[in-house]
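I have placed the structure first, in the form of structure tokens, so that the comments after it can refer back to it.
The values are calculated or read from the model by the stated rules, or taken from the named source; none is laboratory data. Note that the coordinates shown come from a computational prediction; the quantities given were computed from them, not determined experimentally. Because the Cβ atoms are built from the backbone with ideal geometry, glycine has one as well, and the counts that use them run over all protein chains shown.
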Amino acid sequence: MARGDPGTIFEGFHGRFNDHIVIKHRNGKPIMCCYPKGKKIKWTKNQEEHRKRFKAATEYAKRILKNADWLAFYQEREHDGINATNLAIADYMHNPEIISIDIRKARKLDQYLIRVHATDDFIVTRVTINLIDLTGKKFLYSDATQFRHSTLWLLRIDGSQLRLVHTIKARAYDLPHNHTEKEYMIPPEEAVKRIPHGRNLATG
């Protein structure tokens, strides 16, 4: 690569010449370098996955422009030159997060609440809960209910269901339909001991 000063023969020229030389200008000075030869780039596995996800994020952002409600959602959050398209891409690139799972005794007799705390950079749209017994069998699958537009999602169960629980598996979704799973395994005897006293059963 060769550099020149203003006023040299390169001044006023830029671009490719005869597929051999490229003249660029940086900080007001012309720079001459060889034209890059076409060669296949070997991406790492992580780089390839990131490229694929970014491509999918771009496609998602294009779909947003065709959906008035989704577009309005992102437009309301525009700031500092970051537009709805940028925000949609950023939303797609980051999954929601499940902070914790616990169980609390409800006010009604023999009723309990499974609580899932889930967050996202933009919005958590859905939380599902699977209850699994000691044999690994799923005996309950349900959507949780969001509590007053907060990060808390609830599912009410009774004592007979609680005594069967060995594993609680929660899944949180965001607007692009990314999801994150978190699970917590609890011994049945722990449920019998702790819940009647209103203490957390599980946190994970």
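Out of curiosity, is S142 at pLDDT 90 or above, among the polar types (S, T, N, Q), more than 29 Å from Q47 (Cα to Cα) and part of a strand (DSSP E or B)? The answer is yes for S142. Looking only at residues in the range 97-113 that are in contact with a Phe, Trp or Tyr (Cβ under 7 Å, 6 or more places away or on another chain) and crowded, with 19+ Cβ neighbours inside 10 Å, the one that is farthest from T125 (Cα to Cα) is K105. Taken over the range 115-131, the criterion of being within 16 Å of H177 (Cα to Cα) and not hydrophobic (A, V, I, L, M, F, W, C) is satisfied by T119, D120, D121, T125, R126, T128. Checked against the criterion of being modelled with pLDDT of 90 or more, basic (K, R) and surrounded by fewer than 13 Cβ atoms within 10 Å (Cβ to Cβ), the candidates K52, K37 yield just one match: K52. Only one residue in D121, D110 is out of contact with any helix residue (DSSP H, G or I) (no Cβ under 6 Å at 6 or more places or on another chain) and not aliphatic (A, V, I, L, M), so which one is that? Of the residues listed, the single one that is out of contact with any helix residue (DSSP H, G or I) (no Cβ under 6 Å at 6 or more places or on another chain) and not aliphatic (A, V, I, L, M) is D121. Is it true that some residue in the range 149-162 is surrounded by fewer than 13 Cβ atoms within 10 Å (Cβ to Cβ) and either at pLDDT 95 or above or on the phi > 0 side of the Ramachandran plot (or both)? Yes, there is a match, as at least one residue in the range 149-162 is surrounded by fewer than 13 Cβ atoms within 10 Å (Cβ to Cβ) and either at pLDDT 95 or above or on the phi > 0 side of the Ramachandran plot (or both).
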